[in-house]
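Structure first, then comments.
Read-outs: derived from the displayed coordinates by stated rules, not from any lab. Only a predicted model underlies this, so the values are computations on that prediction, with no experimental measurement involved. Note that we place each Cβ from the backbone using ideal geometry, even for glycine, and neighbour counts take in every protein chain shown.
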Amino acid sequence: MPDLPHADIQGFILRTYAMPALRVFALTIAQPAAARQFLGGLVNGGNSPQLSTATDWTVKPPYCLNVGLTYTGLAALGLSPLSLASFPEEFAAGAPARAQRVGDTGESSPEHWKDQFASPALHLLLFLFAETEEILEHVTGQLRELYSGRNAMSELSVHDGRSLPGNVAHFGYRDGFAQPTIDGGLPPLMPDVLPKAPAGEFLLGYPSQYSDFTYPVPTPDALGRNGSFVAFRILSQDCRGFEQFLTEAAHQTGFDRELIAAKLCGRWRDGVPLSLSPHSADERIPLEKRNSFDYVPGDSMPDAFDDRRGYRCPLGSHIRRMNPRNAIVAGNSGLKHRIVRRGLPYGPPYDPANPDDGIERGLLGLFIGVSLKDQFEFLMSDWANKGSFAPGLGGTRDPLIGDNGNNAGSAATFLIPIEGQRRPVEVTGLTSFVTCRGAAYCFLPSATAIRYLSALPAATS
Ligand code: HEM
């Protein structure tokens with residue numbers, strides 16, 4: 001087990017904060033020297049808001065603060081061309097340039113993104129998680145004072161997320177069960193039957209999920225080591241369209257609409273996985289057991305139901321696509337593309353009695369991994385938006401997040417395999433229920449790296 005320097009690692013890489021409020025500040029650097037000073041202030045041990053690291057908690061703090069920098073942000077801070085060139089190409093290109101690859105097309109394409117997310121002026125994101133509204137406002141005030149001071153940075157936009165009653169995401173599914181357990185990280189919140197993910201799958205500088213391979217650490221070492229990357233995404237959700245689809249799919253198939261909802265996700269809306277309870281949302285399965293499953297028997301779970309054909313959990317369901325666990329996929333790489341998920345929903349709960357309230361709602365999603373290309377982008381391009389990586393997908397896409405828009409044609413279909421039937425039940429008429437409204441690729445520097453950045457010489461800026 002690697003001895004990870006928890007006090008150097010941004011907290012949300014290794015820990016779920018489980019706080020009900022999130023505010024994301026999208027900032028542009030105006031005065032590099034003042035911006036460097038602001039960053040230094042986050043790690044100086046002083047009384048102003050400090051970076052939250054993965055250090056063990058005795059008492060949970062009232063808020064947590066993390067920071068991400070885009071490639072243009074690193075350049076604006078004055079990082080040398082040599083250092084800049086040592087970052088991975090997908091990060092350097094940035095989220096707008098990589099949009100096509102991850103299925104951000106049509107309404108999700110960067111030309112429609114809001115608040116300058118498609119602009120190189122987006123330099124820095126602050127992620128402020130808080131236990132109460134009062135704390136959120138208080139720390140917001142402190143941060144604003146600090147980054148406006150000496151005109152360090154100006155706000156491009158601010159985005160608020162809030163937990164919804166019952167810890168559900170919009171579309172009504174309870175979230176927060178599956179996360180990779182990281183070797184050398186913190187104990188998982190609930191029992192995890194899958195093998196631990198190597199530290200180097202989530203942190204720069206450690207052996208990765210591929211044997212004898214460590215992802216290149218951006219130089220110098222003080223800058224790269226113990227850092228990571230995040231794809232931040234503002235994902236608007238069409239709750240009305242989703243609920244309508246469930247009703248239509250129930251008519252098409254004769255299945256209960258809640259069963260359709262479960263088949264699309266791989267979990268019932270209360271979070272019970274189909275793999276453990278294929279016929280009903282069995283509430284007797286306790287919360288802490290709801291991540292103890294696999295799709296085929298193996299080392300992780302010798303007594304798992306053999307669901308290689310997807311009779312319980314369809315091969316194309318959201319969670320099976322995003323983490324096929326030990327089921328067969330092309331390259332047999334089921335456990336090589338894991339991702340840490342953080343974030344919170346935004347917008348009020350959807351009220352079916354008032355479907356046209358005109359309010360945007362969705363998810364402020366953070367998808368963290370050591371390689372944006374092999375983790376976030378791979379999940380979106382190969383597993384969400386292609387239907388050939390596992391037998392039985394029939395060219396379809398992810399029913400929740402796939403690019404099922406106007407050009408999807410027959411791909412906008414969902415297949416429900418049924419035991420004893422040669423052909424799966426086909427549900428047609430999927431649309432893109434999720435639209436990307438803005439995205440950013442950020443480097444998540446360690447505390448050491450933030451000190452390094454804050455001390456960059458003025459001459460290079
Ligand atoms: C608005 C968009 C999204 C919604 C509504 C959504 C919904 C869900 C739900 C309800 C779960 C089950 C909860 C759990 O297992 O803890 C889940 C799991 C998951 N989602 Fe999503 N998701 C969204 C976007 C994404 C994106 C963009 C990605 C990938 C980049 C992703 C990757 C995953 C992964 C990896 C899991 C865990 C699967 C497992 O380990 O079993 N999701 N999602």
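Subtracting the Cα-Cα distance of ALA455 and ARG257 from their residue separation scaled by 0.36 nm leaves 65.5 nm.
Relative contact order of the stretch 169-279, please, whole-number percent, based on alpha carbon pairs below 8 angstrom and at least 6 residues apart.
21 percent
Estimated at 0.36 nm per residue, the fully extended path between ASP299 and LYS114 surpasses their Cα-Cα distance by 62.0 nm.
Quick one: which of LYS336/LYS386; LYS60/LYS263; LYS60/LYS114 span more than 26 angstrom between C-alpha atoms? Distance filter (> 26 Å) returns LYS60/LYS263; LYS60/LYS114. Taking a sphere under 14 Å around the Cβ of GLU89 and counting the other residues whose Cβ falls inside, with K and R at +1 and D and E at -1, yields a net charge of 0. Straight-line reach from LYS373: taking Cα to Cα under 17 Å and skipping same-chain neighbours fewer than 8 places apart, the aspartates and glutamates in range are GLU89, GLU90, ASP104, GLU201, ASP382.
If the chain linking ALA93 and GLU283 were pulled fully straight, counting 0.36 nm for each residue of separation and taking away their Cα-Cα distance, it would gain 63.8 nm. Centroid-to-centroid, using Cα positions, the stretch 93-115 and the stretch 22-47 are 27 Å apart. Can you give me the span-like helices of the chain, meaning DSSP H runs with 18 Å or more of Cα extent along the axis and Kyte-Doolittle mean at or above 1.0? Long hydrophobic helices here: none detected.
Listed from fewest to most Cβ neighbours within 10 Å, the set GLU248, GLU288 follows the order GLU288, GLU248. With the simple spin-label model, which puts each label point 7 Å out from Cα in the Cβ direction, the LYS196 to THR247 separation comes to 5.0 nm.
In nm, to one decimal, how far is the ARG309 label point from the TRP57 one, both placed 7 Å along Cα→Cβ? Placing both labels 7 Å along Cα→Cβ, they lie 4.7 nm apart. Computed from label points 7 Å out along Cα-Cβ, the spacing between ASN406 and SER157 is 2.3 nm.
To the nearest 0.05, how large is the calculated FRET efficiency for GLU419 and GLU107 if R₀ is 45 Å and r is the Cβ-Cβ distance? Taking R0 as 45 Å, the efficiency between GLU419 and GLU107 is 0.75.
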